Structures are given as structure tokens and as C-alpha cells.
Amino acid sequence: MKVLVLFVATVLVACHASDYQMYPLRLKTGHVGQYSTEVLCGSWRLGVEANNLIKWKTVPEACQEFVADYVLGNQYRSDSKTVCREAYFYAKTLNITDKDVFVFDVDETLLCNLQYYSKHGFGVERFNATAFANWVAEGEAYALPETLVLYDKLMSLGIKVVFLTERLVSQRAITVANLKDVGFDKWEKLILKDPAAYTGKSTLTYKATERRKLEESGYRIIGNVGDQWTDLMGSYRGLRTFKLPNPMYYIG
């Protein structure tokens, strides 16, 4: 009897405690307009990273400060580290052959163009290909630090890397110099876009086609790292893909 009374008392206490603790977790009622700009922009960024928001042209003006705080703050670095760490843990489990490669995008994957985007509204301004080409020609992009760590670790495992970028073949020399200057000094292939071969073709088509060429030449893509979903979707995308964060622009 004493055991039963103790059990009932324990259940009652637990239930009341549970009610008290769970109450703050219940969804709030009211109109979405009651949410702060920070909350709304956080939801917008989640939609972007999950590829639920597509074909957007610019960062919402109300989210400029939010995006700036994100990419200049600790969260961006931490998010990138999480992705790159997982890619390394995955790579360590593989039995590597001479034909295994990791494919990397370049801009906002290897090279950081925040110096450019900080002068163009962190994505609020519509992308200007001429202005960005002028920036690329300066060869002053920084390395994304967490990707550089991943790159060095893959090198230590004996894994070859291929860089696949939308930068044009005419930008090869400055791209090579910039990559080497910031620590990406060895690669199996650096593939740049030939406009004559891909006029009117989407980024998705271009990257899938070049990955197909890699595999048809005997390589096996064991990993694929990029900041855009077009880096990671389509055919021949590799055994596993790793999406880095980038809320500043969308490439469809």
C-alpha cells in the first residue's frame, strides 16, 4: 500500500512538473507579423539553406543587417566547421584508391568573397557579373578557413581533389594564383567554364556534365562540397554531398 501511495504521489509531482516545464514550449498564437525581423530573417535563411526557397534574386532588404551579422560573426564559421568536420569524418572511413576524388566548388566554398559582398549590400544588391569579374581579377579573395582545414586533412589522407567552378576559362591564371596564395596549392584538376560550350545551359547542367566527364575518365567522386545546391544536385554528384552555408546569393 505504501508503495502504491508513493507511486501515485511521484506521478502527480512528475505530471505537474511536466506541465510547468512544457508550457513555454507550446506554440504561440497570433499573427506571424508579431515576430521580430531577426526571427523572420532567421526563418528566411533556413528556407534558403534547405533549398525550400528557390529562384530568389536578392536578399530581402530587411534582412541585410541579419545576413551581415551572420557571415561576419561566429555562427557562419561554426556552421562551416560542422559541415567540414563531418566531411572529414566521412572521408576517414573510406578505403581510398588512386582514382578517388573530392570535388569542391570555388567561390564561397574555397575562396571567400566577403570583401566584395560587403560593398554590395551582402546580397541585397542584384548580382552584377561585370563588377564581380573585376573583383575576381584582383585575386584578393581569402580562404574560407574551415574549408582549408578540410582540404589539408584530405591531403593528409591521400585523397585527390578537383576544383569545379563557374569562373570562366579566361580567369584561370588569376584563379590559380589566388588559390595558391591562400593555401590551396595542389589539385588533380581545376575545371573552369568554357562559355562557348555552355551558352544557354544552366549551372546544374554544366556541373553535372563536367562531373560525368570526370567519372567517364576513370575517377570516382567520393565527396562533393559546395555552397549552392546546383553544386550538389543532378547526376554524377558523388557518393556523398556536403552543403556549406551561403545566404548571400542563389545560383539556379
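Here are a few things to note about the model shown:
- All of (1) within 28 Å of LEU72 (Cα to Cα); (2) in a strand (DSSP E or B); (3) open to solvent by 20 Å² or more (accessible area, probe 1.4 Å) hold for ILE191 with one exception: (1).
- Identity of the residue in segment 164-188, of a type in the set (D, E, K, R) and within 21 Å of the chain's Cα centre (by Cα), that ends up surrounded by the fewest Cβ atoms within 10 Å (Cβ to Cβ): GLU166
- Yes/no for ASN128 being open to solvent by 70 Å² or more (accessible area, probe 1.4 Å) and of a type outside the set (A, V, I, L, M, F, W, C): yes
- Residues that are crowded, with 21+ Cβ neighbours inside 10 Å and over 19 Å from GLU86 (Cβ atoms), drawn from segment 237-252: PRO247, MET248, TYR249
- When GLY47 is tested against the conditions (1) part of a helix (DSSP H, G or I); (2) in contact (Cβ under 8 Å) with a residue 12 or more places away in the chain, the lone failure is (2).
- Residue satisfying condition, being part of a strand (DSSP E or B) and either out of contact with any His (no Cβ under 8 Å at 6 or more places or on another chain) or closer than 18 Å to LEU110 by Cα (or both), within set THR230, THR205, THR165, THR209: THR165
- If you filter segment 90-107 down to residues that are β-branched (Val, Ile, Thr) and open to solvent by 40 Å² or more (accessible area, probe 1.4 Å), you find that the one that is farthest from PHE242 (Cα to Cα) is THR97.
- Only one of the listed residues (GLY234, GLY223) is buried (at least 16 other Cβ atoms within 10 Å of the Cβ) and at pLDDT below 95. That residue is GLY234.
- Counted residues, segment 97-140 - those being under 28 Å from ALA208 (Cβ atoms) and in a loop (DSSP other than H, G, I, E, B): 12
- Of all residues in segment 211-220, those satisfying the criterion of being surrounded by fewer than 21 Cβ atoms within 10 Å (Cβ to Cβ) and either free of Cβ contacts under 8 Å to residues at least 60 places away in the same chain or among the aliphatic types (A, V, I, L, M) (or both) are ARG212, LYS213, GLU215, GLU216, SER217.
- For segment 108-151, a residue qualifies if it is in contact with a Ser or Thr (Cβ under 7 Å, 6 or more places away or on another chain) and under 14 Å from SER80 (Cα atoms), and the qualifying residues are THR109, LEU110, LEU144, GLU146, THR147.
- Of all residues in segment 52-76 being touching a residue at least 40 places away in the same chain (Cβ under 8 Å) and closer than 16 Å to GLN115 by Cα, the one that is most open to solvent (accessible area, probe 1.4 Å): LEU72
- Listed by first and then second residue, the pairs with beta-carbon distance under 7 Å, at least 6 apart or on different chains, first residue in segment 112-135 and under 19 Å from GLY226 (Cα atoms), second of a type in the set (D, E, K, R) and surrounded by 16 or more Cβ atoms within 10 Å (Cβ to Cβ), are ASN113/ASP107.
- Residue in segment 40-51 that is surrounded by 15 or more Cβ atoms within 10 Å (Cβ to Cβ), of a type in the set (S, T, N, Q) and on the phi < 0 side of the Ramachandran plot present: no
The values are calculated or read from the model by the stated rules, or taken from the named source; none is laboratory data. The model shown is predicted, which means the values in this text are computed figures rather than measured ones. Using ideal geometry, Cβ is built from the backbone for each residue, glycine included, and neighbour counts are taken over all protein chains shown. SASA here: full protein model, heavy atoms, side chains in, ligands and nucleic acids out. Shrake-Rupley method; radii C 1.70, N 1.55, O 1.52, S 1.80 Å.
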